[in-house]
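K.L.:
My questions will all concern the structure given below.
Throughout, read-outs are computed from the coordinates displayed, never taken from laboratory work. It should be emphasised that the depicted structure is a prediction, and the values quoted were computed from it without experimental measurement. Here the Cβ positions follow ideal geometry from the backbone for every residue, glycine too, while neighbour counts run over all protein chains shown.
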Amino acid sequence: MDFGFELLKALVALLIVLGLLVMVLKYVKGRILPERGVIEMLHYQALGPKRGLAIIRVAGEHLLIGVGDQGISLLTKLDGRDLENALKTASAAAPDHAKTLGDWFREKFGKGRA
């Protein structure tokens, strides 16, 4: 009888803590996931330690940039319509374990829930 009561108390305490955590996350979601600005990173592909390619959108233009130890370089401008379709297709086809923690937070707490 004592074990059952202690287990019940622990479960109630856990539910209270989880409920408070959800409330706090909903309250501060604007600070955790700020609104999109003028520069938005659409995709990043690592090519090695401290090296990669990124597709970003700046003021409506899509750019492919290289990121490395020596800095950031503009590689080319991209066609926006074809790129958006390709990115949507790739993210829909990605398995759940391939999504980042940021993607998960945006889906659960972000505005527009894409």
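K.L.:
If I ask for residues that are aliphatic (A, V, I, L, M) and more than 23 Å from Glu107 (Cα to Cα), which ones from the range 59-93 would you list? Quick ask: steps written out before the conclusion?
P.N.:
So the first thing to find is which residues in the range 59-93 are aliphatic (A, V, I, L, M), and the list is 59, 63-65, 67, 72, 74-75, 78, 83, 86-87, 90, 92-93.
Within the range 59-93, Ala59, Leu63, Leu64, Ile65, Val67, Ile72, Leu74, Leu75, Leu78 qualify.
K.L.:
Out of all the residues in the range 37-46, which are in a strand (DSSP E or B) and either among the charged types (D, E, K, R) or surrounded by fewer than 12 Cβ atoms within 10 Å (Cβ to Cβ) (or both)?
P.N.:
Correct list: Ile39, Glu40, Met41, Gln45, Ala46.
K.L.:
Let me ask something else about it. Within the set of pairs 6+ apart or on separate chains, which have a first residue in the range 47-65 that is without any contact (Cβ under 8 Å) to a residue 40 or more places away in the chain, a second that is among the charged types (D, E, K, R) and not in a strand (DSSP E or B), and C-beta atoms under 8 Å apart?
P.N.:
These pairs meet every condition: Lys50/Asp69; Arg51/Asp69; His62/Asp79.
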